[in-house]
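The values are calculated or read from the model by the stated rules, or taken from the named source; none is laboratory data. All values reported here derive from a predicted model rather than from experimental measurement. Cβ: placed from backbone, ideal geometry, glycine included. Neighbour counts: every protein chain shown. Quick note on the areas: whole protein, heavy atoms, side chains included, nothing else; ligands and nucleic acids left out. Shrake-Rupley method; radii C 1.70, N 1.55, O 1.52, S 1.80 Å.
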Amino acid sequence: MSFTIAIDGPAAAGKGTIGRALAERFGLAHLDTGLLYRATARLVLDTGVTPVEAARALTSDALDRDDLRTAEVGQEASKVAAIPEVREALLNFQRAFAQRAGGAVLDGRDIGTVICPDAEVKLFVTASDVVRAQRRHAELAATGSTLGLDEVLQEIKARDARDSARANAPLVPAEDSIQLDTSELTILQAIENAAEITYARMSESGFQADLDSN
Ligand code: C5P
């Protein structure tokens, strides 16, 4: 039986942290779909192939690279992500992942609206611009980045604006999503909120989580 949790929201709102924690707690597979766009962007930057060629050539090894989370790759990712043929090339992989027996968590921008409109749980995770910039700044600094807080704030604002304005699969909450503002929450509180929502939906749908897997 499949059970899909779709987590969408703007950059650095806490989607990935919540997604990973839910996956671990309920024994689900987790896919950070931003990595697909980042790996596509990385290939474009490194080899000069077109974004569509890069998306079609993507292998799972490309997702394991440790140089995908830079601000430069993030910006290029949001440019390639606006190209409909790029999104099309990455669609089937995401849908197949979401349908796997045992359940899956996917986080991104269009999971609840386009990739998995029938997901059992749909969360739209947000936080204020400043809180998101502080979080991303700390993450980047831990990997040796020297970008200042203000540069990080401008970077995520530019990306959110592009992601929200694009014609194809824009960043918008699914009508039936539950909004979770994490600005004032600790990581643990945000995870607990999301876990409660998930647990309630699992009980309603009769899905048996594999709680022994963690
Ligand atoms: O989630 P992350 O910040 O790593 O995503 C990088 C970029 O990939 C986003 O700014 C967005 O343009 C794109 N993306 C997308 N759809 C998704 C996930 C990411 O368009 N489902």
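Things worth noting here:
- Scanning region 95-115 for residues that are more than 23 Å from A165 (Cβ to Cβ) and open to solvent by 10 Å² or more (accessible area, probe 1.4 Å) yields R95, A96, F97, Q99, R100, A101, G102.
- Scoring L36 on the criteria (1) at pLDDT 95 or above; (2) open to solvent by 30 Å² or more (accessible area, probe 1.4 Å) leaves a single failure, condition (2).
- Picking from residues in region 11-29 that are within 11 Å of the ligand (Cβ to nearest atom) and in a helix (DSSP H, G or I), the one that is surrounded by the fewest Cβ atoms within 10 Å (Cβ to Cβ) is G16.
- Looking only at residues of region 45-101 that are aliphatic (A, V, I, L, M) and outside any helix (DSSP H, G or I), we find that the one that is farthest from the ligand (Cβ to nearest atom) is A101.
- If the condition is being crowded, with 19+ Cβ neighbours inside 10 Å and either more than 9 Å from the ligand (Cβ to nearest atom) or part of a helix (DSSP H, G or I) (or both), then region 154-178 contributes E155, I156, R159, D160, D163, A174, S177.
- Checking each residue in region 188-208 for being assigned to a loop (DSSP other than H, G, I, E, B) and either under 19 Å from the mean Cα position of the chain (by Cα) or loosely packed, with under 15 Cβ neighbours inside 10 Å (or both) picks out G206, Q208.
- Looking across P51, P84, one residue alone is modelled with pLDDT of 95 or more and under 24 Å from I7 (Cα atoms). It is P84.
- Among the candidates L149, L185, L211, residue that is more than 16 Å from the ligand (Cβ to nearest atom), at pLDDT 95 or above and more than 21 Å from the chain's Cα centre (by Cα): L149
- Scanning region 1-10 for residues that are modelled with pLDDT of 95 or more and either surrounded by fewer than 18 Cβ atoms within 10 Å (Cβ to Cβ) or within 13 Å of the ligand (Cβ to nearest atom) (or both) turns up A6, I7, D8, G9, P10.
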